[in-house]
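Asker: Let me give you the structure first, and then I'll get to my questions.
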């Protein structure tokens, strides 16, 4: 079992969380730099239920979009060394995702954009951020809880946002789009997010809603005080200016923290074995028993292209 000392929870009323988020939105209103959510194309959203989607989508007359290879972002919500390494099971899962994305035949594959350009700066893609709401609005901060509600009994308080890409990335993408003859591009990322488990019904069932129609029940001895790690797909549909027109996320698998670990102040982490297990896990509740990650990919892509 891999574990770490978690950042913990910050008790705030829902109104206080909204006030902090509003303050951050106002304070960044004049900032159009790389990574800023202001001017990114889609405003911050705070959904309480799946589908985890925001934005207007493409015009009905739009042609076939393109897509980049699925990327892996270690350190989306914490230090990168807490996340699974990029090789091994993660690399295999990325290969699976790329093959499945191409097999959908709803978008034209484009070559990957290298991180660096010669003498003209760093290419930084748009950063779709999804997870529990935090007091600062930053995904690396503590999860916020409503002190006026019983722990786990309120709605899922999630935060979906996208940071601006660098000008160098946008310029390089525009060139690729012109060559391929596409007007929008899917940018998908595999990462680990932090979610708070919920508790439902008289029996107090503990669960996480990974995507629309995909709710995973957690064992009773799961801590409600410690966020669960969720291996998730995030995505953005972007135009030739690099701005997003629609963003979304879908959870793939949950790594819960047991009560004993939580009592010791630790959070259980995703490891190689967890990722490898996910590669072969199936949705027994769906016709044809599709692979879990495959069903999530298809759902997210369909939501982004609506």
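The values are calculated or read from the model by the stated rules, or taken from the named source; none is laboratory data. Note that the structure is predicted; figures quoted are calculated from it, not measured. As a convention, Cβ positions derive from the backbone with ideal geometry for all residues, glycine included, and neighbour counts pool all protein chains shown.
Asker: If a residue must be surrounded by 15 or more Cβ atoms within 10 Å (Cβ to Cβ) and out of contact with any strand residue (DSSP E or B) (no Cβ under 9 Å at 6 or more places or on another chain), how many such residues does the stretch 63-103 contain?
Answerer: Going through the stretch 63-103 one residue at a time, the tally reaches 2.
Asker: So residue 55 clears everything in (1) modelled with pLDDT of 90 or more; (2) surrounded by fewer than 16 Cβ atoms within 10 Å (Cβ to Cβ) except one condition, right? Which one?
Answerer: For residue 55, the failing item is (2).
A quick yes/no check of all residues on (1) at pLDDT 95 or above; (2) surrounded by fewer than 20 Cβ atoms within 10 Å (Cβ to Cβ); (3) farther than 19 Å from residue 56 by Cα:
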| site | (1), (2), (3) |
| --- | --- |
| 231 | yes, no, yes |
| 235 | yes, no, no |
| 268 | no, no, yes |
| 288 | yes, yes, yes |
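Asker: Only strands (runs of 3 or more DSSP E) wholly contained in the stretch 107-165 count here; list those with 3 or more residues that are at pLDDT 90 or above. Spell out the reasoning first.
Answerer: On the way: elements: 127-132, 143-145, 158-163.
Where strands (runs of 3 or more DSSP E) fall fully within the stretch 107-165 and carry at least 3 residues being at pLDDT 90 or above, they are 127-132, 158-163.
Asker: Next question. Check the stretch 72-94 and report whether any residue there is over 18 Å from residue 192 (Cβ atoms) and within 21 Å of the chain's Cα centre (by Cα). It would help to see each step written out before you state the result.
Answerer: At the first step, the residues of the stretch 72-94 found to be over 18 Å from residue 192 (Cβ atoms) are none.
No; the residues of the stretch 72-94 include none that is over 18 Å from residue 192 (Cβ atoms) and within 21 Å of the chain's Cα centre (by Cα).
Asker: While we're looking at this one, here's another question. Just to be sure, is residue 178 touching a residue at least 24 places away in the same chain (Cβ under 8 Å) and within 19 Å of residue 108 (Cα to Cα)?
Answerer: Working: touching a residue at least 24 places away in the same chain (Cβ under 8 Å): yes; within 19 Å of residue 108 (Cα to Cα): yes.
It is true that residue 178 is touching a residue at least 24 places away in the same chain (Cβ under 8 Å) and within 19 Å of residue 108 (Cα to Cα).
Asker: A further question on this structure: Name every residue in the stretch 209-240 that is out of contact with any helix residue (DSSP H, G or I) (no Cβ under 8 Å at 6 or more places or on another chain), assigned to a strand (DSSP E or B) and more than 27 Å from residue 40 (Cβ to Cβ), in order of residue number.
Answerer: If the condition is that a residue be out of contact with any helix residue (DSSP H, G or I) (no Cβ under 8 Å at 6 or more places or on another chain), assigned to a strand (DSSP E or B) and more than 27 Å from residue 40 (Cβ to Cβ), then 215, 216, 217, 218, 228 are the ones that fit.
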